[in-house]
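Peer 1: Handing you a structure now.
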Amino acid sequence: MTDLAIAANGLRKSYGDKTVLDGIDLAVPEGTIFALLGPNGAGKTTAVKILSTLITADAGETRVGGHDLAADPQAVRAAIGVTGQFSAVDGLITGEENMLLMADLHHLSKREGRRVAAELLERFDLTEAAKKPASTYSGGMKRRLDIAMTLVGSPRIIFLDEPTTGLDPRSRHTMWQIIRELVTDGVTVLLTTQYLEEADELADRIAVLNDGKIAAQGSAEELKRLIPGGHVRLRFTDPAAYQNATSALPEASRDDESLTLQIPSDGSQRELRSLLDRLDSAGIEADELTVHTPDLDDVFFALTGGTGIPNQPKEAVR
Ligand SMILES: Nc1ncnc2c1ncn2[C@@H]1O[C@H](COP(=O)(O)OP(=O)(O)OP(=O)(O)O)[C@@H](O)[C@H]1O
Ligand SMILES: [Mg+2]
């Protein structure tokens, strides 16, 4: 367990008779990005709040930064930084004052506080706005200030609850770059997101949270492999060529209306080549050939929708 920044076993949390987390396990190696992905109400924020000591779990064992969450929450707090789902920025004071307030909370000296604040404001491209009230900042600027504030104490483990929700595509890419740089410096990041693209872009590992349970866990590639649906589609304009193709490829599912055939495939070069060879030797020329590999959207809908996929994987991939 020593190289795990976060290790949770059997985390449970209920509010009244509503079970929010129904026994979840998480393992996040140091220096990696872990994404907790799930629809609204899945329990993402609840998990982050438990892991960051803001609320306590009803059951389960958790170690964060090598410290037991229940036995030594103070040590955990000293090792982590948290950027909540909703901004912690005080709009009435300036960006710089927000930063200095954080420096105070971390017991930095006045001088050290100013140095760290100036450095982080610079790094997050907020130097120019530093003396303006934070209420005048755009959503992207506020989010950057939020993360800058989280970094004041130089945490080794950072929790980011929906860091890019509400940001435009450019600000989102800036945020991704910031998160990647954190990890280059050896920091461990656990983030939550509703964006599959974000998990796909950033995360070394992804856990899909649904109904209080982890529906699947693994790299983006591993998760995509859980879902059937990779196929090659051949479209024809000539009905005779289409008919020839249906007899040459008896395993294909056919759509006689649109003259298209769909052949299950993992999209690999080897499978494509063998398909093309079969078409060639039968003298068949399709008008259009497209390769479809399942994306994280397919995974997400299959795992969190509860319909469509007959054999929904219950076991996490490890
Ligand atoms: N303090 C609380 N008291 C009662 N129920 C709560 C409390 N906090 C959360 N819940 C419930 O727990 C469930 C999970 O909430 P949580 O905020 O963890 O979801 P989430 O995955 O973060 O959702 P979102 O994507 O909307 O942020 C929801 O049904 C919510 O209503
Ligand atoms: Mg939330």
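The values are calculated or read from the model by the stated rules, or taken from the named source; none is laboratory data. If you're wondering where the values come from, they're calculated on a predicted model, not measured in any experiment. All Cβ positions, glycine included, derive from the backbone under ideal geometry; neighbour counts span all protein chains shown. In case anyone asks, the SASA skips ligands and DNA or RNA and just uses the protein heavy atoms, side chains included. Shrake-Rupley method; radii C 1.70, N 1.55, O 1.52, S 1.80 Å.
Results for (1) within 13 Å of residue 159 (Cα to Cα); (2) within 16 Å of ligand 1 (Cβ to nearest atom); (3) in contact (Cβ under 8 Å) with a residue 60 or more places away in the chain; (4) of a type outside the set (Asp, Glu), shown as yes or no for each residue.
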residue: 8; (1), (2), (3), (4): no, yes, no, yes
residue: 23; (1), (2), (3), (4): no, yes, yes, yes
residue: 27; (1), (2), (3), (4): no, no, no, yes
residue: 37; (1), (2), (3), (4): no, yes, yes, yes
residue: 40; (1), (2), (3), (4): no, yes, yes, yes
residue: 51; (1), (2), (3), (4): yes, yes, yes, yes
residue: 70; (1), (2), (3), (4): no, no, no, yes
residue: 94; (1), (2), (3), (4): no, no, no, yes
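Peer 1: Of a type in the set (Lys, Arg) and in a helix (DSSP H, G or I): does that describe residue 111?
Peer 2: Yes.
Peer 1: Consider the range 260-285. How many of its residues are open to solvent by less than 30 Å² (accessible area, probe 1.4 Å) and not polar (S, T, N, Q)?
Peer 2: Of the residues in the range 260-285, 6 are open to solvent by less than 30 Å² (accessible area, probe 1.4 Å) and not polar (S, T, N, Q).
Peer 1: Among the numbered criteria (1) open to solvent by less than 10 Å² (accessible area, probe 1.4 Å); (2) out of contact with any helix residue (DSSP H, G or I) (no Cβ under 7 Å at 6 or more places or on another chain); (3) away from ligand 2 (no atom under 16 Å from the Cβ), which single criterion is violated by residue 206?
Peer 2: Looking at each condition in turn, residue 206 falls short on (2).
Peer 1: Also, quick follow-up: Which residue, of 224, 213, is within 19 Å of residue 41 (Cβ to Cβ) and either open to solvent by 40 Å² or more (accessible area, probe 1.4 Å) or touching a residue at least 40 places away in the same chain (Cβ under 8 Å) (or both)?
Peer 2: 213
Peer 1: OK, next. Please note which strands (runs of 3 or more DSSP E) are completely contained in the range 4-75 and include at least 3 residues that are among the β-branched types (Val, Ile, Thr).
Peer 2: 18-29
Peer 1: Within the range 79-94, identify whether any single residue is modelled with pLDDT under 95 and in a helix (DSSP H, G or I), and answer yes or no.
Peer 2: Within the range 79-94, one or more residues are modelled with pLDDT under 95 and in a helix (DSSP H, G or I).
Peer 1: Against the conditions (1) open to solvent by 50 Å² or more (accessible area, probe 1.4 Å); (2) over 22 Å from residue 224 (Cα atoms); (3) touching a strand residue (DSSP E or B) at 6+ places or on another chain (Cβ under 8 Å); (4) in contact (Cβ under 8 Å) with a residue 40 or more places away in the chain, where does residue 254 fall short? Just the number, please.
Peer 2: Checking residue 254 against (1) open to solvent by 50 Å² or more (accessible area, probe 1.4 Å); (2) over 22 Å from residue 224 (Cα atoms); (3) touching a strand residue (DSSP E or B) at 6+ places or on another chain (Cβ under 8 Å); (4) in contact (Cβ under 8 Å) with a residue 40 or more places away in the chain, the one that fails is (4).
Peer 1: Quick check on the range 7-60: of everything there that is among the hydroxyl-bearing types (Ser, Thr, Tyr), surrounded by 17 or more Cβ atoms within 10 Å (Cβ to Cβ) and within 16 Å of ligand 2 (Cβ to nearest atom), which residue is nearest to residue 176 (Cα to Cα)?
Peer 2: Among those residues, the one meeting the criterion is 45.
Peer 1: Kindly list the number of the only condition in (1) under 30 Å from residue 41 (Cα atoms); (2) not in a loop (DSSP other than H, G, I, E, B) that fails for residue 241.
Peer 2: So residue 241 meets the others, but not (1).
Peer 1: Taking the range 142-181 as the region of interest, how many residues are surrounded by fewer than 20 Cβ atoms within 10 Å (Cβ to Cβ), out of contact with any Ser or Thr (no Cβ under 8 Å at 6 or more places or on another chain) and at pLDDT 90 or above?
Peer 2: Final tally of qualifying residues: 7.
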